[in-house]
Amino acid sequence: MFPILFRLLLVSVLSNVDCAKLPEPEVKIEVLYKPFLCHRKSKYGDILLVHYEGYLESNGTLFHSSRQHGDQNPVWFTLGIREVIAGWDRGMQSMCAGERRKLTIPPALAYGKEGKGKIPPESTLIFHMEVLEIRNGPRSHESFQEMDLNDDWKLSKQEVKEYLRKEFERHGYAANDTHHEVMVEDIFQKEDEDQDGFISAREFTYKHDEL
Ligand SMILES: [Ca+2]
Ligand SMILES: [Ca+2]
């Protein structure tokens, strides 16, 4: 209980410091169409099927359209795991299937100082998004965040071990260090796909044995 409390305090202290320094860049969200019936709304960890058009705010150039370019198919992505630009992760929460939004995304939440391909450095981007389908992600974002004690978007062996210890205690089992270390090694063998010693948000969210 204490460590969690401590972490919350720390987070609130840090975010106050941030606020004092700079205003947080924000995504401007305009809802263009919201369906009358909405059974569920998108949340972190969900998989979304979307069509989109991306424009440069500066001169209105269309730099990508999923309907016109490539294989012209809509694309799947997982919300909230930084698989896409931060502006999508932030701007596409609480959407219904069938909903359309216009997102105005500042460079800090898009391609920043470097730009990318047709997108010049420091570009504000405008996206017209349409969500066609929302599905549950194989693993929830919430449990990843709970395990990622230092919020660096990857799980260390220590963090996984700590998680196991807590889960064992929660279920009334005595913690067993040796046992947990064996489990951790086993988990990492399966999940740490690129073998860098960490389980990234992506490695966690996608279960590759289901492919
Ligand atoms: Ca971590
Ligand atoms: Ca890894």
Kindly state, to the nearest 0.05, the FRET efficiency for K113 paired with L56, given R0 = 25 Å and r defined as their beta-carbon distance.
0.95
For the stretch 25-141, the per residue accessible area (1.4 Å probe, Å²) is 53
Could you work out what % of the accessible surface of the stretch 95-149 is carbon and sulfur, using a 1.4 angstrom probe and leaving DNA, RNA and ligands out of the count?
49
Overall Cα dimensions of the stretch 111-167 - principal axes, largest extent first, Å:
48, 31, 14
Taking the Cα centre as origin and putting +1 on Lys and Arg beta-carbons and -1 on Asp and Glu beta-carbons, what dipole magnitude results for the stretch 19-166, to the nearest 20 debye?
220
Which lysines, on any chain, are close to K157 with Cα under 28 Å apart, when same-chain ones fewer than 8 places away are left out?
K43, K166, K190, K207
Give me the Kirkwood hydrodynamic radius of the stretch 31-129, using the inverse of the mean 1/r over all pairs of distinct Cα atoms, in Å to one decimal.
14.0
Could you work out the Rg to Rh ratio of the stretch 147-211, with Rh taken as the Kirkwood radius (inverse of the mean 1/r over all Cα pairs)?
0.99
When we measure straight from the Cα of K28, which aspartates and glutamates land under 14 angstrom away, once same-chain ones fewer than 8 places off are left out?
E57, D89
Can you give me the solvent accessible area of V31 with a 1.4 Å probe, rounded to the nearest 10 Å²?
80
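Keeping all protein chains in place and using 1.4 angstrom, which order do T61, T78 fall into by accessible surface area, from largest down? Let's see the in-between values first.
On the way: T61 60, T78 0 Å².
The ranking, largest first, comes out as T61, T78.
The values are calculated or read from the model by the stated rules, or taken from the named source; none is laboratory data. Small disclaimer: the values here were computed from a predicted structure and weren't measured. Every residue, glycine as well, gets a Cβ built from its backbone with ideal geometry; the counts of neighbours run over all protein chains shown. Heavy atoms of the whole protein, side chains included, go into the accessibility calculation; ligands, DNA and RNA do not. Shrake-Rupley method; radii C 1.70, N 1.55, O 1.52, S 1.80 Å.
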